[in-house]
Amino acid sequence: MKLPIDKFKDLRTPFYCYDLSLLRSTLKVINDEIEGYPFVVHYALKANANPVILNEIVKTGIGADLVSGNEIMAAVEAGFNPTRMAYAGVGKTDWEIEAGIDNDIYCFNVESLPEMEVINEIAARKGKTAGVAIRVNPNIDAHTHRYITTGTTDNKFGIDIPVLDEVVEKAVSLSNIHLRGLHFHIGSQITTLEPFRLLCEKINELVEHFEKMGVNFEMIDVGGGLGVDYGNPEENPIAPFHEFFNVFKQGLKLRERQKVHFELGRSIVAQCGALISRVVFVKENSIKKFVILDAGMTDLIRPALYSAHHKIVNLTSQEQEQDTYDVVGPICESSDVFSNDEKLPITHRGDLIAVLTAGAYGESMASRYNMRDLPGCHFC
Ligand code: LLP
């Protein structure tokens, strides 16, 4: 992504810098890849719901993947088409279900039988029919961090295959539910295609199984999860969409008029955002040197929460020599570390530091812990 360093000098840090031209190129690649296929892409707002970002995405005709009533409202506000909105989550409350029904969203991705009954009740009360996909837990290991693995039986997500027949029959029998299809999401930051291939096989089996029972699905939602390159963002600014979509083009045995929905979050926005901060102090103890930033885990929690590593760049140091530092934030938590043993050019107080690949799950997970201000944002 481009980083207009000259413009940063007088800006208050920390802030997120978003490269909208990279976002646009990414969206174009996606739309080019799906053209001519019965594929519908939704953007997972949880990755980044910054209104300027949403505005760019909505312009391309992409739909929305939502996980709360407030996300439904944000998607409506941003102008996403309700016929391209899907709403997932294990704990949808009544007002959130109402928001979905009132806005005539395409689909609730239902995660349990009690949830489906409540959606049916609320829809009946409103004299409406709610579109529903049943979220299946396919018990496929996505081989990613355990906090972002969602498709194995020890996760709270989805409905287990052994009870699926019962749930599908129930959905068909409820008069204010319109069963549209099955939904899957096996995890996030998945960096090999094998789990997606296994997912296709599982989907083919299930579609055939339900066809025999007389149930045909208008759509299959395969979720999101495509990983991005955190190690080499400059070399790989756009995720491998061609390879990703190919897995589904080749692997799924689609029925006539059946559509495939995708819910991409990280792969759309991760690389177009960087967290920009200033070095407050450089300090040294008997064993280490620390670069202390004015950004911390309240601005970008991924390193503290998942031990994620983001590439770190000193944007302003003129030094030729490098040194090894722990790059940390100012928060009163020992986990407030961006990176241990990071090699950087010799770094001084006042230097500008960029933490790259921070466009997804950065700003959207920011908090006000320690009564800190939320990070700002600038666009380039
Ligand atoms: N659909 C569902 C049902 C999801 O739960 C998620 C993400 C997505 C789609 C979008 O997945 P993506 O394409 O972004 O992988 N905070 C974590 C990631 C949590 C992902 C939660 N679900 C992180 O910073 O790595």
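The values are calculated or read from the model by the stated rules, or taken from the named source; none is laboratory data. Every value quoted in this text rests on a predicted model; they were computed, and no experiment measured them. Methodologically, a virtual Cβ is constructed for each residue, glycine included, from the backbone with ideal geometry; neighbour enumeration extends over all protein chains shown. These area figures cover heavy atoms from the full protein model, side chains too; ligands, DNA and RNA do not enter into them. Shrake-Rupley method; radii C 1.70, N 1.55, O 1.52, S 1.80 Å.
As a summary of the residue check, ASP65 satisfies the conditions (1) free of Cβ contacts under 8 Å to residues at least 40 places away in the same chain; (2) within 14 Å of the ligand (Cβ to nearest atom); (3) of a type in the set (Asp, Glu) except for the one numbered (1).
Output the residue which, of all residues in region 180-230 that are of a type in the set (D, E, K, R) and buried (at least 22 other Cβ atoms within 10 Å of the Cβ), is nearest to the ligand (Cβ to nearest atom).
My answer is ASP221.
Determine, yes or no, whether LEU275 is closer than 16 Å to ILE5 by Cβ, at pLDDT 95 or above, touching a strand residue (DSSP E or B) at 6+ places or on another chain (Cβ under 7 Å) and surrounded by 17 or more Cβ atoms within 10 Å (Cβ to Cβ). Yes.
So ILE276 ticks every box in (1) farther than 17 Å from VAL40 by Cα; (2) touching a helix residue (DSSP H, G or I) at 6+ places or on another chain (Cβ under 7 Å); (3) within 16 Å of the ligand (Cβ to nearest atom) but one. Which box is left unticked? Only one criterion in (1) farther than 17 Å from VAL40 by Cα; (2) touching a helix residue (DSSP H, G or I) at 6+ places or on another chain (Cβ under 7 Å); (3) within 16 Å of the ligand (Cβ to nearest atom) is unmet by ILE276, namely (3).
Scanning region 99-115 for residues that are in the same structural domain as ALA64 (by TED's automatic domain parsing), part of a strand (DSSP E or B) and either more than 16 Å from the ligand (Cβ to nearest atom) or open to solvent by 60 Å² or more (accessible area, probe 1.4 Å) (or both) turns up nothing.
Every residue in region 71-97 that is β-branched (Val, Ile, Thr) and either assigned to a strand (DSSP E or B) or more than 14 Å from the ligand (Cβ to nearest atom) (or both), please. ILE72, VAL76, THR83, THR93, ILE97, listed by residue number.
If the condition is being over 18 Å from the mean Cα position of the chain (by Cα), open to solvent by less than 40 Å² (accessible area, probe 1.4 Å) and of a type outside the set (A, V, I, L, M), then region 83-98 contributes LYS92, GLU96.
Look at (1) over 24 Å from GLU243 (Cα atoms); (2) assigned to a helix (DSSP H, G or I) and you find that LEU11 fails only one, number (2).
Out of region 298-323, which residues are under 28 Å from THR144 (Cα atoms), open to solvent by less than 60 Å² (accessible area, probe 1.4 Å) and out of contact with any Gly (no Cβ under 6 Å at 6 or more places or on another chain)? Steps first, answer last, please.
Initial filter on region 298-323 (under 28 Å from THR144 (Cα atoms)): 298-313.
The next check asks that each one be open to solvent by less than 60 Å² (accessible area, probe 1.4 Å); those that pass are 298-304, 306, 308, 310, 312-313.
THR298, ASP299, ILE301, ARG302, PRO303, ALA304, TYR306, ALA308, HIS310, ILE312, VAL313 - these are the residues of region 298-323 that are under 28 Å from THR144 (Cα atoms), open to solvent by less than 60 Å² (accessible area, probe 1.4 Å) and out of contact with any Gly (no Cβ under 6 Å at 6 or more places or on another chain).
Counting only helices (runs of 4 or more DSSP H) that sit wholly inside region 224-310, those with at least 1 residues that are without any contact (Cβ under 8 Å) to a residue 24 or more places away in the chain are 241-251. Somewhere in region 149-158, is a residue open to solvent by 70 Å² or more (accessible area, probe 1.4 Å), under 21 Å from PHE210 (Cβ atoms) and free of Cβ contacts under 8 Å to residues at least 40 places away in the same chain? Among the residues of region 149-158, at least one is open to solvent by 70 Å² or more (accessible area, probe 1.4 Å), under 21 Å from PHE210 (Cβ atoms) and free of Cβ contacts under 8 Å to residues at least 40 places away in the same chain, which makes the answer yes.
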